[in-house]
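First up is the structure itself, then whatever we jot down about it.
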Amino acid sequence: RKITFEKQWFYLDNAIGHIYGTTFEVTSGGNLQPKQEVEETTTETKEAGTDNRNIVDDGKSQKLTHDDIKALKDKGIKGQEIVQQLIENSTTFRDKTEFAQDKYIKKKKKKYEAVITIVKPSTRILSTMYYAREPGKINHLRYDTLAQMLTLGNIHAGNKMIVMETCSGLVLGAVMERMGGYGSIIQMYPGGGPVRAATSCFGFPKPFFDNLHEFPLSKVQSLLSGTFTTETLHADPEENALGEEESNGLTEEKQTSLQETEEEPAPEAAMEINPTEEQDAMDVNAEDGEFKENKEKENKENVREKQIKQWERRKKLQEAAALLREKNADGLIVASKFHPTPLLLSLLEFVAPSRPFVVYCQYKEPLLDCYTKLRERGGVINLKLSETWLRNYQVLPDRSHPKLTMSGGGGYLLSGITVVLDKGKSDSSNSEALKMEEPSSKRCKLQDLPC
């Protein structure tokens, strides 16, 4: 199929079999050809000015018009030659400084040279791409914030992770890449099914998905309360399948009865039927019979396929529920558009003690509410609410400087570590124990204070 990228269209057929990092040149028909390494012709950059202040961008410095450039393209002249002609026909090129000349050449090459390099997908590349092009789809999750989430969550091979995200599968893919196919991941999802658009872009092999499970958020409370059982899982698909078979049977009977009533002619009309018309009617009836048989077979096959799909889905759901019931997950990562407090309080029940959890939110206020609720609840230590500040720098010889444009904010992270929550003791006993543990000097001061 045709791929459109950066105002270029091409076909990827010729790219199959080449290693990642290969640079291709787009030909006139949209086909890719590996670019041969040719020594770049040294442009006349020796004649360079010392200052750009006298150069005025009035649009008259370039002698070649848009039609001239289009004519050069139609002739089949390569982009490198077009760039060379643009340099030669520019009246202000020699007056620019050496740095400005390099910038001009780089800009024109990007515009007129159809060169593409295919790189191996990674978390860094995909997160940078999503943040630059469609930040709303990943809740404005910046790549440095994602890196901190993976570090604070202690993601490594052999973990048992719970991931709740609405970032098109980017966070899930980052966790899967860090784990390398070892361990298990349970993806919690809202709605009808999990979204993994970005996860599919990583190009993971099939074994990576063997230990990936999914569980709906709507059934978390039933799992915690104990009402979620495997018996209902086995009963549902049979009932649905039987209901589908009965409904199909009823509809088929109705259809046959309707067709029979339509095919029965009136007695007066039957007397006037010719032999040729009788033969035609018999052929039509035979065709209708074959059509009915084919339709019945298709309906049965569809019912079987639906049954198989339902069984597979129920089996996966049962496996995910069994993993969650163990309540020994090694970590929890939340990065969703929903309010984090109810999500975190319910999902922390499945995390083992002394394990990290990380919550991302684009705004600070929901995480502040989550912070206070966790303090009141207890069972967590080392709670931290942080925000990172990122600024890109251009690092080149004699011209390293911070870039002019930068993002206003990269969101906020709430991280902590779970501990055993002792629910048996009452608040009064806890307060008495705290008083007993306080140093004697502090106790005396508290007792001396007037009421």
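Ignoring ligands and nucleic acids, what accessible area does ARG314 show with a 1.4 Å probe (Å², nearest 10)?
That residue has around 60 Å² of solvent-accessible surface.
Which of the residue pairs LYS103/LYS403; LYS160/LYS316; LYS120/LYS309; LYS106/LYS403 have a Cα-Cα distance greater than 22 Å in the structure shown?
Values: LYS103/LYS403 15 Å; LYS160/LYS316 16 Å; LYS120/LYS309 33 Å; LYS106/LYS403 17 Å.
From LYS103/LYS403; LYS160/LYS316; LYS120/LYS309; LYS106/LYS403, over 22 Å: LYS120/LYS309.
If you average the C-alpha positions of region 1-36 and of region 330-384 separately, how far apart do those two centres end up, in angstrom?
When both Cα centres are located, 45 Å separates them.
Any of LYS2/LYS109; LYS70/LYS107; LYS306/LYS337 with alpha carbons more than 28 Å apart? Name them for me.
Values: LYS2/LYS109 23 Å; LYS70/LYS107 18 Å; LYS306/LYS337 32 Å.
Pairs exceeding the cut-off: LYS306/LYS337.
Give the accessible surface of region 290-408 per residue, rounded to a whole number of Å², with probe radius 1.4 Å and ligands, DNA and RNA excluded.
Details: 7670 Å² over 119 residues.
Per residue, region 290-408 has an accessible area of 64 Å².
The values are calculated or read from the model by the stated rules, or taken from the named source; none is laboratory data. All of these numbers come straight from a predicted model, not from anything done at the bench. Accessible surface is based on the protein model in full, side chains and every heavy atom, while ligands, DNA and RNA are left aside. Shrake-Rupley method; radii C 1.70, N 1.55, O 1.52, S 1.80 Å.
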